[in-house]
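Student: My structure is below; once you've seen it, I'll send some questions.
The values are calculated or read from the model by the stated rules, or taken from the named source; none is laboratory data. Remember, it's a predicted structure, so these values are computed and weren't measured experimentally. Ideal geometry is used to build each Cβ from the backbone, glycine not excepted, and the neighbour counts take in all protein chains shown. What goes into the accessible areas is simple: the full protein's heavy atoms, side chains included, and nothing from ligands, DNA or RNA. Shrake-Rupley method; radii C 1.70, N 1.55, O 1.52, S 1.80 Å.
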Amino acid sequence: MTQAAIVPRPDLLERLKQIVGPAGYRDGDDIEPSSYEDLMQDRAIRPSLLLRPDCTEQVSAILALCHEAGQPVAPQGGMTGLVSAAAPLAGEVCLSLARMNKIVEIDPYTSTITVEAGTPLQTIQEQVDAHDLLFPLDLGARGSCTIGGNLSTNAGGNRVIRYGMTRELTIGLEAVLADGTVINNLHKLRKNNTGYDIKQLFIGSEGTLGIVTRAVLKLFPKPVSHAVAMCGIDSFQQVADLLIHAQARLGANLSAFEALWRNAWQLVDLHVPHTSVPFPDSHAFYVLVESMGQDEASDSELFLDMLDEAHRKGLIDEVIVADAPGKIKSLWAVRDAPAEVASTVGYMHTYDVSLNVKDMEHFGNEVERRLKQRWPDVMLGIFGHVGDGNLHLVINVGAETRSLHLQLDEIVYGLIRELHGSVSAEHGIGIMKRPFLTWCRGDSEIAMMRGLKQALDPRGILSPGRVFA
Ligand code: ZN
């Protein structure tokens, strides 16, 4: 692979500007910090040029030229990623899909929506809602993240247990390879066993194999019933048994199974003033169970029966049920609040790991023990998508601690490695988790990834240094 040029050639920059025209680029002070500052505070290097193409042809022409010149490119969506991938490195030009934000078509007969990559997730949700349909991908950054970023990172979020991750929600897509070749895999066919499933190469590969420009996504009927319960539970065995019980009793209506450990509940109670917890921290775990379905009366009865039965079986110690939109929102706010603790406590190291449900109790106890050994005053909150085997952690070990990140990584990921889990459930690898890729993927797997990278981007211009060096 070619070495990244530290300063792009001026003549190249001029030719790139000509491709997109005056409305299609920013340079100098016109480039806003939000286009180059890393959300994880790793770096803020203003690029020489921010390209803002408005069509696939322009993306193709840009990449063809950069490929020819060996010019590295940082593709950008909404800049909400959590692994330091999208902010440019020295010498990179940025390519934002922000102007490619059109909804091309909503097709109720195939239950699909066709969109350009720069469309914000929330816009897609709102547009399909107006057609009584649902695009179920949902995450905290919905207002700022874009579908192109969701696709390139295979975003997860809160309803994976029922609808799957972005990968499962994608039918076809269009992408541009590093040399400018347009791969047109944009179709609405749910069944299409004609050779390799090419779209999957671009989903979750974090912009290293190509730039997604358009996609056809799956839609679902808009649910008419919606109910949420927050359950206080005293042992993890009950949590695990409640998951099986809820899956068996609710079937397809089960749309979320989320949990907060007591430590996360306490952090929310103490440090997120605008969120009030519905009961005191008298339980070891707090589980949010959500039901969404197509029949208001029978769904509600099914949900209440499920909870009642769980109570009788001793799986739940305390429960609050919400079926009005405002109350549902306030229970979800508690679930989402651990991510906001940083605004009052200070820098929180955040983690996103996968592991088997049966190992979660041990993981929670052991990670706390190991962290306390090193930092007796550690502030730790564990929460996440228990139904998907995915936990998040927020950790504060006192002031001036960003530099301790690697030490924390080794403790958290070391335990994940012992439990044969994954160092990234939904955030990706980017630059931040690169040292730990080998902790959960084998040599032959990584060799195959490198082979794909070499085949599709032989000069290494696309997102260089992300996923692997
Ligand atoms: Zn998550």
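Student: Rounded to the nearest 5, what is the percent of antiparallel bridges among the DSSP beta bridges in segment 1-100?
Tutor: Working: 3 of 9 bridges.
Among the beta bridges of segment 1-100, antiparallel pairing accounts for roughly 35 percent.
Student: So which lysines pass the test for Lys358, namely a Cα distance under 30 Å, with those fewer than 8 places away in the same chain ruled out?
Tutor: Lys313, Lys329, Lys372, Lys433
Student: Using amide H atoms built in the peptide plane, which far-off residues or other-chain residues are under 5 Å from Thr112 H to H?
Tutor: Amide H neighbours of Thr112: Asp107, Leu219.
Student: Hey, another quick one. Mind ordering 440-451, 114-125 by average Cβ neighbours within 10 Å, highest first? Numbers along the way, then the final one.
Tutor: Numbers: 440-451: 12.2, 114-125: 22.2.
Descending mean neighbour count gives 114-125, 440-451.
Student: So what are the chain's ellipsoid semi-axes, whole angstrom, largest first, if each one is the square root of 5 times an eigenvalue of the alpha-carbon gyration tensor? List each step's numbers first, then the result.
Tutor: On the way: eigenvalues 299, 146, 76 Å².
In descending order, the three semi-axes are 39, 27, 20 Å.
Student: Where both partners of a DSSP beta bridge lie in segment 46-181, what percent of those bridges are antiparallel, to the nearest 5?
Tutor: On the way: 5 of 12 bridges.
Percentage antiparallel, nearest 5: 40.
Student: Where Lys and Arg each count +1 and Asp and Glu each count -1, what net charge lies around Ala284 among other residues with Cβ under 9 Å from its Cβ?
Tutor: Working: positive: Arg262; negative: Asp234.
Result for the neighbourhood of Ala284: 0.
Student: With a 1.4 Å probe and all protein chains left in place, how much of the accessible area of segment 179-260 comes from carbon and sulfur atoms, in whole percent?
Tutor: That share works out to 54 percent.
Student: Give the angle, between 0 and 90 degrees and rounded to the nearest 10, that separates the Cα long axis of helix 262-271 from the longest principal axis of the Cα atoms of the chain.
Tutor: 70 degrees
Student: Before I look further, what does segment 252-317 give for accessible area per residue, probe 1.4 Å, in whole square angstrom? Don't jump to the answer; show the numbers that get you there.
Tutor: On the way: 2810 Å² over 66 residues.
Using a 1.4 Å probe on heavy atoms only, each residue of segment 252-317 averages 43 Å².
Student: What net charge is computed for the residues neighbouring Thr56, neighbours being all others with C-beta under 10 Å from the C-beta of Thr56, Lys and Arg scored +1, Asp and Glu -1?
Tutor: On the way: positive: Arg214; negative: Asp54, Glu57, Glu116, Glu174.
Charge balance in the 10 Å sphere: -3.
Student: Taking only DSSP H segments of four or more residues, each worth -39500 (n - 2.57), what value at 222 nm results for the chain once the sum is divided by all its residues, to the nearest 500 deg cm²/dmol? Write down the numbers at each step before the final one.
Tutor: Numbers: 14 runs with 150 residues, N = 469.
Only helices count here, giving -9500 deg cm²/dmol.
Student: By a straight-distance test (C-alpha under 19 Å), which lysines pair with Lys191 as possible cross-link partners, with residues fewer than eight away in the same chain excluded?
Tutor: Of all the lysines, those that pass the test against Lys191 - Cα under 19 Å, at least 8 places apart if same chain - are Lys199, Lys218.
Student: Now for a separate question. How large, in percent, is the carbon and sulfur part of the accessible surface of segment 325-389 at a probe radius of 1.4 Å?
Tutor: On the way: 1500 of 2910 Å².
Answer for segment 325-389: carbon and sulfur cover 51 percent of the accessible area.
Student: Let me ask something else about it. What order, most packed first, do the peptides 154-163, 185-194 have when packing is the mean number of other Cβ atoms within 10 Å of each residue? Don't jump to the answer; show the numbers that get you there.
Tutor: Details: 154-163: 22.4, 185-194: 12.5.
Most protected by this proxy first, the peptides run 154-163, 185-194.
Student: If we sort 17-25, 454-462, 261-269 on the protection proxy, mean other Cβ atoms within 10 Å, highest first, what's the order? Walk me through the numbers on the way to the answer.
Tutor: Numbers: 17-25: 15.3, 454-462: 18.1, 261-269: 22.1.
So the order, starting with the most tightly packed, is 261-269, 454-462, 17-25.
Student: How charged is the neighbourhood of Gln200? Take every other residue with its Cβ under 11 Å from the Cβ of Gln200, and add Lys/Arg as +1 and Asp/Glu as -1.
Tutor: Working: positive: Arg167, Lys199; negative: Glu168, Asp197.
Overall, the nearby charge balance is 0.
Student: Go through segment 148-165 residue by residue and turn each phi into a ³J(HN,Hα) via Karplus (6.51, -1.76, 1.60, θ = phi - 60°); whole Hz please, and just put x for glycine and proline.
Tutor: x, x, 4, 5, 5, 9, 6, 4, x, x, 8, 10, 4, 4, 9, 10, x, 7
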